[in-house]
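In what follows, a structure is listed as structure tokens, so that the remarks can point back to it.
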Amino acid sequence: MLMIAWIIVIRNIFSSKTNKRLNRLSLGVCALFVAIAAPLQFSNSAYADQYDEQIRAIQGQVNQYQAKAGELRKQGDSLQATVDALTAEKNAIQAQLDLSTAKFNKLTSDIEANKQKLAENQAALGEIIANIYVDDKITPLEMLASSKNVGEYMDKHEYRSAATEKLNSTIDTVKTLKAQLEKDQIEVKKVVEDQTAQRAALAAKEAEQQQLLDQTRNDEAVYQQQIANSKSQMAQIAAQQRAALAALTGGGRNNSGSVGSFQFRNYSGNMGCGSGGYPYCGGQDTYADPWGLYNRECVSYTAWAAYNRFGKQVMNFSGAGNAYQWPSTTTRMGATTDQTPEVGAVAILPSTPGFAPIGHAMMVESILGGGWVHVSQYNFGGSGEYSTMDIHVSGVNFVHFRDR
């Protein structure tokens with residue numbers, strides 16, 4: 001009875017103005033919980049599922065086209081098989097372009113949804129701050145005086161604490177949404193760059209196919225003569241490379257040497273095909289890999305390693321894949337070339353008469369210091385096999401592919 005009488009006395013002390021402030025606080029707290037009770041989402045899940053399903057389906061098409069192109073390339077050097085392989089490669093590039101388009105659409109949808117969520121949460125944040133701090137001068141004693149009983153006072157006190165917690169939670173949500181927006185916008189820029197590179201690759205592949213048809217006039221005999229001439233030239237180059245390497249290493253007695261500004265040391269010697277994880281074995285130069293490069297060549301290995309081991313964006317070279325051509329050819333893939341070594345970059349030895357007439361490509365595995373890097377490679381000295389060595393950065397360029 002004494003407690004009830006005491007509460008009544010306290011309540012009568014305070015003015016109606018204080019009661020109005022307290023009532024506004026109570027209404028604000030209620031509004032607060034209504035406004036942010038629903039769980040926050042970053043994007044519409046139905047649309048996200050739709051885009052994800054589309055992306056998975058297109059990725060499946062890319063894999064199928066690439067596999068088909070690889071099988072066609074292995075069927076032998078006939079004009080029709082080559083034309084069919086080029087068509088399959090064109091389809092694979094178009095599917096990759098479609099995949100980038102689907103990713104772009106998904107990211108654009110996510111960005112718009114997150115912008116809306118951000119606006120809603122920023123508005124809710126303003127309401128929360130107003131409701132909490134507009135009456136921040138109300139003391140616990142005033143809150144007690146406006147309460148009908150001790151239980152109601154405790155409820156108001158808990159609501160105020162919960163409102164503060166919700167304020168912190170909403171601030172965290174706003175920060176997360178902003179970070180997600182920034183990430184998505186960067187990803188959109190990357191996808192647009194991919195689309196540009198893929199359109200260039202598709203145009204190059206179409207030009208390659210048309211050039212083949214123009215040169216052969218759809219004549220199998222003409223095509224076979226072209227193949228024979230090409231293989232003869234490649235055999236001559238390989239013989240020159242083997243002779244040059246033998247001279248440099250004293251017939252294998254030494255594991256170091258130099259040609260002009262190009263220097264190497266700790267040459268491992270040949271380790272056979274299949275070493276280093278490279279899968280395109282069989283007779284050397286008997287078929288092309290998924291990047292349009294002949295198997296067991298230095299460029300085939302580095303394209304495979306950059307794509308599969310280091311997750312780089314490597315596209316079909318469309319007939320311009322000799323090592324000395326990489327600094328210019330790879331620009332349409334978004335790659336850059338400089339003299340700075342980096343793990344996962346491809347070291348390019350320019351055309352070196354008598355040693356590497358069409359250049360040489362090597363994968364940078366580690367930075368050793370003192371201007372030296374450790375590389376892995378295929379076909380060093382015309383062997384068609386895997387090997388490793390250290391090279392000095394002088395005399396070589398480094399191609400840096402973008403991450404996928």
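The stretch between ASP338 and SER275, if pulled fully straight at 0.36 nm per residue, gains 19.8 nm over its current Cα-Cα span. Normalised per residue, the accessible area of segment 345-404 is 26 Å², obtained with a 1.4 Å probe and no contribution from ligands, DNA or RNA.
State whether segment 343-404 is rounded, prolate or oblate according to the following rule on the C-alpha gyration tensor (a ≥ b ≥ c being the square roots of its eigenvalues): a/c under 1.5 gives rounded; otherwise a/b larger than b/c gives prolate, and the remaining case gives oblate. Cα axes put segment 343-404 in the rounded bin.
Structural descriptor for segment 264-404: relative contact order 30 percent, calculated from alpha carbon pairs under 8 angstrom and at least 6 residues apart. Remark: relative contact order (segment 340-404) = 34 percent; criterion is Cα-Cα distance under 8 angstrom and separation of 6 or more residues.
Rounded, prolate or oblate: which fits segment 261-373, taking a ≥ b ≥ c as square roots of the Cα gyration tensor eigenvalues, rounded meaning a/c under 1.5, else prolate when a/b beats b/c? Since a/c stays below 1.5, the shape of segment 261-373 is classed as rounded. Taking R0 as 25 Å, what's the FRET efficiency between GLN116 and ARG199 from their Cβ-Cβ distance, rounded to 0.05? According to the calculation, E is roughly 0.20. Summarising the amide proton neighbourhood of GLN263: residues at separation of 5 or more, or on other chains, whose placed amide H is nearer than 5 Å comprise HIS392. Among the protein heavy atoms, those of ARG309 account for about 100 Å² of accessible surface (1.4 Å probe, every chain in place). Of the cross-linked pairs LYS90/LYS178; LYS117/LYS312; LYS90/LYS312; LYS103/LYS175; LYS178/LYS205; LYS90/LYS117, which ones have a Cα-Cα span greater than 30 Å in the structure shown? From LYS90/LYS178; LYS117/LYS312; LYS90/LYS312; LYS103/LYS175; LYS178/LYS205; LYS90/LYS117, over 30 Å: LYS90/LYS178; LYS117/LYS312; LYS178/LYS205; LYS90/LYS117.
Label sites at SER256 and ASN168, each approximated as a point 7 angstrom past Cα along Cα to Cβ, lie 6.2 nm apart. A probe of 1.4 angstrom, applied to the heavy atoms of all protein chains, finds TYR294 with accessible area near 70 square angstrom. Taking the 1.4 Å solvent-accessible surface of segment 262-346 as the whole, the part contributed by carbon and sulfur is 46%.
The residues of segment 255-319 expose, per residue, 36 Å² of accessible area to a 1.4 Å probe. Here's the picture: a label point sits 7 Å out from the Cα of ALA81 along the beta-carbon direction, and within segment 307-325 the residues with their amide nitrogen under 19 Å of it are 319. Ranked by the mean number of other Cβ atoms within 10 Å of their residues, highest first, the peptides 201-208, 382-389, 177-184, 261-268 come out as 382-389, 201-208, 261-268, 177-184. When a/c reaches 1.5 or more, the comparison of a/b and b/c decides; with that in mind, is segment 319-375 rounded, prolate or oblate per its Cα gyration tensor? Oblate, since a/c reaches 1.5 and b/c is not below a/b. Fully extending the segment from GLU53 to ALA320 would add 92.6 nm, taking 0.36 nm per residue of separation and subtracting the current Cα-Cα distance.
The values are calculated or read from the model by the stated rules, or taken from the named source; none is laboratory data. Note that this is a predicted model, so its numbers are computed, not measured. Here the Cβ is made from the backbone with ideal geometry for all residues, glycine too, and neighbour counts use every protein chain on show. What goes into the accessible areas is simple: the full protein's heavy atoms, side chains included, and nothing from ligands, DNA or RNA. Shrake-Rupley method; radii C 1.70, N 1.55, O 1.52, S 1.80 Å.
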